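Undergrad: Here it is, the structure, as structure tokens.
The values are calculated or read from the model by the stated rules, or taken from the named source; none is laboratory data. Owing to the predicted nature of the structure, the values given are computational and were not obtained by experimental measurement. Cβ placement follows ideal geometry from the backbone for every residue including glycine, while neighbour counts extend to all protein chains displayed.
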Amino acid sequence: MMSPADGTLASPPHDAASAAASAAAASFAALLGKLDYLGAHDIESIRQAYRFADEAHLGQLRKNGDPYITHPIAVAAQCAEWKLDAQALMAALMHDAIEDCGVTKQELVERFGAPVAELVDGLTKLERLEFSSREQNQAESFRKMLLAMAKDVRVILIKLADRTHNMRTMGDMPRSKWQRISTETLEIYAPIAHRLGLNFTYRELQDLSFRFLHPWRYEVLAKALERARSRRKDLIARVQRELEDAFAAHGMPVRILGREKTLYSVYRKMDSKHLSFAQVTDIYGFRIVVPELTDCYTGLGLLHQLYKPLPGKFRDYVAIPKLNGYQSLHTTLVGPFGTNIEFQLRTHSMDVVAESGVAAHWLYKANEPGSDTSQRLGTQWLQSLLDIQQETHDASEFWDHIKIDLFPDAVYVFTPKSKILALPRGATLVDFAYAIHSDVGHHAVGGRINGEQRPLRAELSNGDVVEVITDDKAEPNPAWLSFVKTGRARSKIRHHLKAIAQEKSLELGERMLGQALRSEGIAQLPAEDGEHAAVWDKLLRFTGSKNRAELLSDIGMGRRIASMVGKKLAVLLAETGLKPDAVLISRERYDTGREETLSQGVVTLDGSEGMSVQYAPCCRPIPGDRIVGYLGRGEGLVVHAEDCPTARRLRGRDAERFIEVEWADEPVRSFDTTVVVTVTNGKGVLARVASAIATAEADITHVDMGEDPAQTATDIRFSVAVRDRQHLADVLRSLKRTPSVIKAQRYKATPKP
């Protein structure tokens, strides 16, 4: 049923004996022996599912010539090892029925019930023809699988059993497929198994992927490990004997198991640290399973009396479990002949959870203190998938968020009330804030780490006590996306920014369409309901928009031109009998003296527009400058200074996308602009210049001194926040009065040739 797990990569010859073995494997009897934990009714239901699957796959063969049904039986057998329930085993037997045999989900519902059908559907890939690329198809398939798994963890357990058997029999597949399938297993399925605490499956998937990705390296390492194993046989036997004597003398019954690094973990350590095989010293270790939780710490004391511990090599994952629920005490000791040996101490229930993770829910009903905590830690990631899905509708973006969480080298931090939170290494104050609650993250403005004020991008370390400072008026900053580490924080920030951008662009679009309509002689936008509902329906069909909000948002984001939509709306309103006002047309369209293509009414700017309006970084306009607005495609409204070279170039190419804009009488915030100060080099010059800017009540947001070595005279470029041109003039006067300042002027972009 399963290909051998040794170093042989070729499939065995298919003779009469192997054909007989295949026939035996294809029978229900091969699975029946593993179902002794189930009742007669459940076994009969599984038998019915087997008959259905056998009939559905009739005539289908695997690459090695075996009947296809051997694969579903092998998958179900692995699920039975985890003691999964009858529904899961039925789904395992039929997991390819929808995809490969033309069976419908409705048929499964009618014959085996909705729960089994949902499990099978969660395991079914989507049709490739629905997507524009293989990558998009794969991302959507994984999203479907992961969301089904978040609702029912049995989905991923069956999927991992399926992938494990496929990897065990990979030798029968064409070599051309080894690279793609093994890479996918190593990058996706093995990390998911680890994230859910399925460590035995995690290690096997890694080794099998390594075996088919790098066959030659695998063979060389396997032989080297075998030689090392025979050389250290006496050492292992001696340590085993000394451990048994020490624990027997203390009267503590224990189970001592040898532990050996997997080939892939040895290879990864050699590769990452540039070591030879002989330099990898921690290949062997021991796992000690003790009766009670307190025996873990008693056993640790016995070990430290027997051998000397290595400083800094002790980890307590019992008091603070890993993210996937794993619990053990780890210590590295100097054994006989100066050999470093790692020891792990854990109880029987911890051992089951360590090897089987979330599957331990079915495999073992733990009654020990802390077992519920470890199960909760092991499954809380599943719930986070649903949270991320609510904010992320694009499959590729969803998968990007999930991949962040698949390698959780964790740090453990505390809230001020001593609650422990586990976060990925490199996590920041923002990640911590979102881990507490979305509202805390949205309104975070700073924080304290161990009582010390720190910025939001500050990274957290093990044992930190973290407090978040919030402000009800604060909102997420797009810059946070450059340093957050958790998928939850990233998806929450993106969702909030999209919602704000949608809201702001809708407001701007409504103003722009209203002003465009005034240019056509109609004083205001008609209401969406009542007598004008039909007008809006026709307009939406004309533009292809789903609803009024989408149309207005598209106008605000520059995806549609307000004047064109306004003209069509005016025509539709005229058909209902609403005639244009000639006086209004004259005042709106021609009084400004501008060409009609530039007239969509005047948009007034006061700095409160949010992300739907951008102030061009090339010219950095400030109140008092003459300005123009450019409707970038999908960028919203971009405001340029009228004499900006970039704006002139754009106007020559896209004149119809420019609209008239003007400053409000009282802008509500400061605006950034750039000042170039030429100074004579000397001690304290930068401090004096900064003081002069502060004296003029302007804030410095950035300083650039260039990369060239300091000369007698040097240009320093400051980004300063000012209220308007008058305020900028005050800043420049203050700078020119400062000793050592040769010249101070506003930076103007030069036109590109």
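Undergrad: Using the structure shown, decide if residue 75 is in a helix (DSSP H, G or I), buried (at least 21 other Cβ atoms within 10 Å of the Cβ), in contact with a helix residue (DSSP H, G or I) (Cβ under 9 Å, 6 or more places away or on another chain) and free of Cβ contacts under 8 Å to residues at least 40 places away in the same chain.
TA: Values: in a helix (DSSP H, G or I): yes; buried (at least 21 other Cβ atoms within 10 Å of the Cβ): yes; in contact with a helix residue (DSSP H, G or I) (Cβ under 9 Å, 6 or more places away or on another chain): yes; free of Cβ contacts under 8 Å to residues at least 40 places away in the same chain: no.
So residue 75 fails the test.
Undergrad: Assigned by TED's automatic domain parsing to the domain that holds residue 630, surrounded by fewer than 17 Cβ atoms within 10 Å (Cβ to Cβ) and not β-branched (Val, Ile, Thr), is that true of residue 684?
TA: No; evaluated as a whole, the condition is false for this residue.
Undergrad: Test residue 571 against the stated conditions and say whether it is assigned by TED's automatic domain parsing to the domain that holds residue 651, surrounded by fewer than 19 Cβ atoms within 10 Å (Cβ to Cβ), at pLDDT 75 or above and more than 15 Å from residue 505 (Cβ to Cβ).
TA: Answer is yes for this residue.
Undergrad: Going by the conditions given, is residue 672 under 21 Å from residue 604 (Cβ atoms), surrounded by 15 or more Cβ atoms within 10 Å (Cβ to Cβ) and among the charged types (D, E, K, R)?
TA: In short, yes.
Undergrad: Oh, and also: For the range 312-329, name all the residues that are at pLDDT below 85 and in contact with a helix residue (DSSP H, G or I) (Cβ under 9 Å, 6 or more places away or on another chain). Walk me through it before giving the result.
TA: Within the range 312-329, the subset at pLDDT below 85 is 312-313, 319-326.
Of everything in the range 312-329, those that are at pLDDT below 85 and in contact with a helix residue (DSSP H, G or I) (Cβ under 9 Å, 6 or more places away or on another chain) turn out to be 321, 322, 323, 324, 325, 326.
Undergrad: Follow-up. For residue 338, work out the one condition from (1) modelled with pLDDT under 80; (2) surrounded by 14 or more Cβ atoms within 10 Å (Cβ to Cβ); (3) among the small types (Gly, Ala, Ser) it doesn't fulfil.
TA: (2)
Undergrad: May I pose another question? Could you tell me whether residue 740 is at positive phi and outside the structural domain of residue 620 (by TED's automatic domain parsing)?
TA: When the stated conditions are applied, residue 740 passes them.
Undergrad: State the number of residues belonging to the range 516-557 that are assigned to a loop (DSSP other than H, G, I, E, B) and either buried (at least 19 other Cβ atoms within 10 Å of the Cβ) or among the polar types (S, T, N, Q) (or both).
TA: In the first step, residues of the range 516-557 are kept if they are assigned to a loop (DSSP other than H, G, I, E, B); the result is 520-529, 544-547, 557.
From what is left, the residues that are either buried (at least 19 other Cβ atoms within 10 Å of the Cβ) or among the polar types (S, T, N, Q) (or both) are 520-522, 524-526, 545, 547, 557.
Count: 9.
Undergrad: Okay, moving on. Quickly run through the range 157-172 and pick out the residues that are among the aliphatic types (A, V, I, L, M) and more than 13 Å from residue 89 (Cα to Cα).
TA: 160, 167, 170
Undergrad: Checking residue 739 against (1) at pLDDT below 90; (2) more than 17 Å from residue 691 (Cα to Cα), only one condition comes out false. Which one?
TA: Single failed check for residue 739: (2).
Undergrad: Something else about it: Of all strands (runs of 3 or more DSSP E) completely enclosed by the range 238-334, which ones contain at least 3 residues that are farther than 14 Å from residue 346 by Cα?
TA: Qualifying strands (runs of 3 or more DSSP E): 308-316, 329-334.
Undergrad: When you scan the range 722-750, how many residues do you find that are more than 28 Å from residue 683 (Cβ to Cβ) and either in a helix (DSSP H, G or I) or of a type outside the set (Lys, Arg) (or both)?
TA: The total comes to 9.
Undergrad: Which residues, counting only those in the range 558-580, are among the hydroxyl-bearing types (Ser, Thr, Tyr) and assigned to a loop (DSSP other than H, G, I, E, B)?
TA: Going through the range 558-580, the residues among the hydroxyl-bearing types (Ser, Thr, Tyr) turn out to be 563, 576.
Of everything in the range 558-580, just one residue is among the hydroxyl-bearing types (Ser, Thr, Tyr) and assigned to a loop (DSSP other than H, G, I, E, B), namely 576.
Undergrad: Which residues, taken from the range 288-316, are surrounded by fewer than 19 Cβ atoms within 10 Å (Cβ to Cβ) and under 39 Å from the mean Cα position of the chain (by Cα)?
TA: Listed by number, the residues that qualify are 292, 293, 294, 297, 309, 310, 311, 312, 313, 314, 315, 316.
Undergrad: Okay, moving on. With more than 20 Å from residue 236 (Cβ to Cβ) and outside the structural domain of residue 195 (by TED's automatic domain parsing) as the only criterion, which of 261, 313, 322 stands out?
TA: Only one candidate qualifies: 322.
Undergrad: Being farther than 23 Å from residue 284 by Cβ, among the polar types (S, T, N, Q) and under 27 Å from the mean Cα position of the chain (by Cα) is true for just one of 201, 164, 169. Which residue is that?
TA: Going through 201, 164, 169 in turn, just one is farther than 23 Å from residue 284 by Cβ, among the polar types (S, T, N, Q) and under 27 Å from the mean Cα position of the chain (by Cα): 164.
Undergrad: Among the residues that make up the range 73-92, is at least one of them of a type in the set (Val, Ile, Thr) and at pLDDT below 85?
TA: no
Undergrad: Kindly establish whether residue 176 is without any contact (Cβ under 8 Å) to a residue 12 or more places away in the chain and assigned by TED's automatic domain parsing to the domain that holds residue 72.
TA: So residue 176 passes the test.
Undergrad: Quick test for you: out of 333, 303, 345, pick the one residue that is of a type in the set (A, V, I, L, M, F, W, C), in contact with a Gly (Cβ under 8 Å, 6 or more places away or on another chain) and closer than 17 Å to residue 258 by Cβ.
TA: Result: 345 is the single residue among 333, 303, 345 that is of a type in the set (A, V, I, L, M, F, W, C), in contact with a Gly (Cβ under 8 Å, 6 or more places away or on another chain) and closer than 17 Å to residue 258 by Cβ.
Undergrad: Something else about it: In the range 601-629, what count of residues is obtained for those that are modelled with pLDDT of 85 or more and either assigned to a strand (DSSP E or B) or under 18 Å from residue 513 (Cα atoms) (or both)?
TA: First, pick out the residues of the range 601-629 that are modelled with pLDDT of 85 or more: 615-629.
Next, only the ones that are either assigned to a strand (DSSP E or B) or under 18 Å from residue 513 (Cα atoms) (or both) stay: 615, 623, 625, 627-629.
Residues that pass the stated criteria total 6.
Undergrad: State yes or no: is residue 85 of a type in the set (Asp, Glu) and within 23 Å of residue 201 (Cβ to Cβ)?
TA: Judged against the criteria, residue 85 is a match.
Undergrad: Can you tell me which condition residue 230 does not meet? The list is (1) modelled with pLDDT under 90; (2) among the polar types (S, T, N, Q); (3) within 29 Å of residue 183 (Cα to Cα), and all the others hold.
TA: Of everything listed in (1) modelled with pLDDT under 90; (2) among the polar types (S, T, N, Q); (3) within 29 Å of residue 183 (Cα to Cα), residue 230 misses just condition (3).
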